[in-house]
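One structure below.
The values are calculated or read from the model by the stated rules, or taken from the named source; none is laboratory data. Treat the numbers as computed from the prediction; the structure is a model and nothing was measured. Because the Cβ atoms are built from the backbone with ideal geometry, glycine has one as well, and the counts that use them run over all protein chains shown.
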Ligand SMILES: C[S@@+](CC[C@H](N)C(=O)[O-])C[C@H]1O[C@@H](n2cnc3c(N)ncnc32)[C@H](O)[C@@H]1O
């Protein structure tokens with residue numbers, strides 16, 4: 001057994017955090033705690049209440065195997081198989097992007113809009129991944145019926161599992177296919193079209209943080225030469241699926257607020273284009289309403 005993982009909880013956490021720091025892990029102490037919680041089946045409170053608790057040999061071995069995966073760069077969410085998003089515990093696998101806190105702004109924007117609409121509300125999510133957005137919207141808005149698409153079959157399996165886990169599977173329809181192809185027969189049908197599409201310019205992918213570049217699915221990241229491919233396609237093929245007065249809402253990269261707004265403004269049937277910043281003050285969500293024949 002590796003001596004790194006023996007001793008009491010406080011010592012093991014301290015040594016593991018130091019090891020992570022040396023390996024260039026972003027949040028060394030937090031990740032050490034999350035992996036120890038996973039190993040012991042404990043809450044964070046349990047960790048703080050039992051700093052003197054000695055690790056059993058079997059726990060120490062298991063912890064060491066998780067720690068060495070993290071040292072090699074694997075994100076904690078893939079190691080533990082779960083990620084919290086909007087206070088929901090979501091299952092994640094390497095087939096799906098790990099849901100980011102920034103995406104909660106997109107969920108919030110759509111929920112605000114849904115609150116102002118008459119029943120029932122039909123929402124289309126394009127590129128659902130883990131189902132984070134679709135599941136949250138169905139969970140938070142009892143009036144929402146959601147159609148969610150993804151080109152990746154294993155991602156849709158994860159999304160389905162998350163819907164079951166949170167009791168909303170009856171209000172989400174999962175559709176596999178290229179962007180809007182699965183809803184081709186449903187024009188003018190949706191109150192909201194929402195998407196957090198792949199938006200990283202492909203020349204920037206080699207410069208992403210190692211944990212993202214080497215572990216998260218390229219399919220979820222690559223937005224084409226300028227990162228704008230999916231926005232262009234969503235505007236070109238998606239607006240016709242939105243009802244008169246309905247909302248188009250997308251997450252954008254911090255540098256993309258102006259380009260995406262311009263794209264929305266250039267479409268003859270979109271108006272009231274708005275950019276919503278995240279908590280860091282960076283552009284994060286762009287929205288517009290559909291108006292026919294303006
Ligand atoms: C940035 S991830 C967003 C995942 C999730 N909605 C979230 O916010 O955490 C983009 C998603 O788009 C999917 N995707 C990529 N290309 C696609 C395409 N051509 N058609 C449909 N989905 C696609 C990927 O599989 C991935 O799940």
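Could you identify the single residue in 175, 180, 221, 186 that is more than 21 Å from residue 100 (Cα to Cα), within 14 Å of the ligand (Cβ to nearest atom) and touching a residue at least 40 places away in the same chain (Cβ under 8 Å)?
Exactly one of 175, 180, 221, 186 is more than 21 Å from residue 100 (Cα to Cα), within 14 Å of the ligand (Cβ to nearest atom) and touching a residue at least 40 places away in the same chain (Cβ under 8 Å), namely 180.
Among the listed residues 250, 239, 275, 260, identify the single one that is buried (at least 18 other Cβ atoms within 10 Å of the Cβ), in the same structural domain as residue 187 (by TED's automatic domain parsing) and more than 14 Å from residue 124 (Cα to Cα).
On the way: 250 fails: more than 14 Å from residue 124 (Cα to Cα); 239 fails: more than 14 Å from residue 124 (Cα to Cα); 275 fails: buried (at least 18 other Cβ atoms within 10 Å of the Cβ).
Only one candidate qualifies: 260.
Restricting the stretch 110-127 to residues that are within 23 Å of the chain's Cα centre (by Cα) and more than 12 Å from residue 193 (Cα to Cα), which is nearest to the ligand (Cβ to nearest atom)?
111
Restricting to the stretch 72-81, what's the tally of residues that are loosely packed, with under 15 Cβ neighbours inside 10 Å and within 15 Å of residue 33 (Cα to Cα)?
If we filter the stretch 72-81 for residues that are loosely packed, with under 15 Cβ neighbours inside 10 Å, which is where we start, we get 72, 81.
Next cut, within 15 Å of residue 33 (Cα to Cα) only: none.
Looking only at that region, the number is 0.
Of the residues 100, 91, which is over 27 Å from residue 188 (Cβ atoms), touching a strand residue (DSSP E or B) at 6+ places or on another chain (Cβ under 9 Å) and surrounded by fewer than 18 Cβ atoms within 10 Å (Cβ to Cβ)?
Among 100, 91, only 100 is over 27 Å from residue 188 (Cβ atoms), touching a strand residue (DSSP E or B) at 6+ places or on another chain (Cβ under 9 Å) and surrounded by fewer than 18 Cβ atoms within 10 Å (Cβ to Cβ).
Could you check residue 242 against (1) out of contact with any strand residue (DSSP E or B) (no Cβ under 6 Å at 6 or more places or on another chain); (2) touching a residue at least 40 places away in the same chain (Cβ under 8 Å) and say which number it fails?
Only one criterion in (1) out of contact with any strand residue (DSSP E or B) (no Cβ under 6 Å at 6 or more places or on another chain); (2) touching a residue at least 40 places away in the same chain (Cβ under 8 Å) is unmet by residue 242, namely (1).
Could you figure out which of (1) assigned to a loop (DSSP other than H, G, I, E, B); (2) within 11 Å of the ligand (Cβ to nearest atom); (3) farther than 21 Å from residue 37 by Cα isn't true of residue 107?
Here residue 107 meets the rest and fails (1).
Condition first: touching a residue at least 12 places away in the same chain (Cβ under 8 Å) and surrounded by fewer than 17 Cβ atoms within 10 Å (Cβ to Cβ). Now tell me which residues in the stretch 31-55 satisfy that.
50, 51, 52, 53, 54
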